[in-house]
Structure formats: C-alpha cells, structure tokens
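To start, the structure itself, in structure tokens.
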Amino acid sequence: MRLYRLIIAGCGTGFAPFAPGTVASAAAVVVGVPLLAVSPWLLLAAAVAVCALGYHAIRIVNPDGDPRWVVVDEVAGQWMAMLALPSCGIMGLFLAFFLFRVFDVTKPWPISWADRQHGAFGIMADDVIAGWIVAAILLIVRLTWPGWLG
C-alpha cells in the first residue's frame, strides 16, 4: 500500500507544501526531457505506463475525491503535452508546462467534464485530456511557426 501511495503522490512531489500539482508538473518536465531527447516514442511509452500504473494505484489506494497530494495524473498529462515538441528547446518546454498548468487549473470543457467523473478514471482523465489539448495547441503552433518551439 505504501508503494501505491508513493506512486500516486508522484514519487513524493505530491507532498510539497505549496502547489503540489505544479511541483509534480515541473518534475515531470525534468524527468521527461531525457526521454524526449532519446525518442518521442520513449516518452509516449512512459506516459502510457504512468497512466496505467497511476490508474491501478489510485484504484488500490482509493483516496477520497481527488486530494491535492495525488499528482501522478499531472505527470502523465505533462508528458502527453510534451509529446508534441520537436525537441527539448526551452521555449517549447516552457510553453508545454505553462499551458498544461493553465488548462489543469482552469479546467475548460472537456477537462471539466472529466474532472466531475468519479474514481480513478476521473482523477486521471482530466489531466490526460489537458495534456492532449496542449499537445494539439503545440502542434498548431509548430505548423504555423516552424522552428519556433525548438
């Protein structure tokens, strides 16, 4: 049970005293950069693995609601957002991080719909959807201004 709590707490980043979701997202960028540098496919595999492991661990721990310390969903969502980056350029990483946090906090539709779902699905889905939306925005930026993101 302790291992599952550590997993859903984003290896402890969820226990940060201030803004644990932001701390987890920042840590996800730091860990995700080497994965992206090797291959976007490696980052995708890691994101899918974190989604599956996080979903399973949340079901085992069964926290009430979506407590602040549960941040594995931020890690998965941040990595989904980073999948649209052509490289590890600082502008692209900053934009992926910033936009992901904005969408995670403001929760426009369909993120708000997913956030209202119960259990492990609801906890994971809102951030994964936010990551996909940010990835789509970043892809549009890449097509509109080639080379700008890195």
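Looking at the range 50-77, which of its residues are basic (K, R) and not in a helix (DSSP H, G or I)? Can you show your working first?
The first filter runs over the range 50-77 and keeps only residues basic (K, R), leaving 59, 68.
Listed by number, the list holds a single entry, R68.
Okay, residues lined up against (1) within 19 Å of T22 (Cα to Cα); (2) outside any helix (DSSP H, G or I); (3) of a type outside the set (D, E); (4) in contact with a helix residue (DSSP H, G or I) (Cβ under 9 Å, 6 or more places away or on another chain):
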| position | (1), (2), (3), (4) |
| --- | --- |
| R101 | yes, no, yes, yes |
| P108 | yes, yes, yes, yes |
| I123 | yes, no, yes, yes |
| V128 | yes, no, yes, yes |
| A136 | no, no, yes, no |
| L139 | no, no, yes, no |
| L143 | no, no, yes, no |
Subject >> Unique residue being among the basic types (K, R) and modelled with pLDDT of 95 or more when the list is R142, R59 >> reply: R59
Original post:
Considering only residues of the range 46-98 that are touching a Pro at 6+ places or on another chain (Cβ under 7 Å) and of a type in the set (A, V, I, L, M), which is nearest to G131 (Cα to Cα)?
Top reply: L83
Subject >> Search result, residues across the range 80-96 that are outside any helix (DSSP H, G or I) and buried (at least 22 other Cβ atoms within 10 Å of the Cβ) >> reply: A84, L85
**OP:** For residues that are among the aliphatic types (A, V, I, L, M) and surrounded by 24 or more Cβ atoms within 10 Å (Cβ to Cβ), scanning just the range 51-79, find the one that is farthest from F15 (Cα to Cα).
**Re:** A76
Original post:
Are there any pairs with C-beta distances below 7 angstrom linking a residue in the range 124-146 that is over 13 Å from A114 (Cα atoms) to a residue that is surrounded by fewer than 20 Cβ atoms within 10 Å (Cβ to Cβ) and at pLDDT 95 or above, with the two at least 6 apart or on different chains, and if so which?
Top reply: V134/L99; I137/L99
**OP:** State whether one or more residues within the range 13-27 are part of a helix (DSSP H, G or I) and closer than 18 Å to A84 by Cβ.
**Re:** yes
**OP:** Please specify each residue of the range 110-121 satisfying the condition of being assigned to a loop (DSSP other than H, G, I, E, B) and β-branched (V, I, T).
**Re:** none
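The values are calculated or read from the model by the stated rules, or taken from the named source; none is laboratory data. Fair warning: this is a prediction, and the values are worked out from it, not measured in the lab. We place every Cβ from the backbone using ideal geometry, glycine too, and count neighbours over all the protein chains shown.
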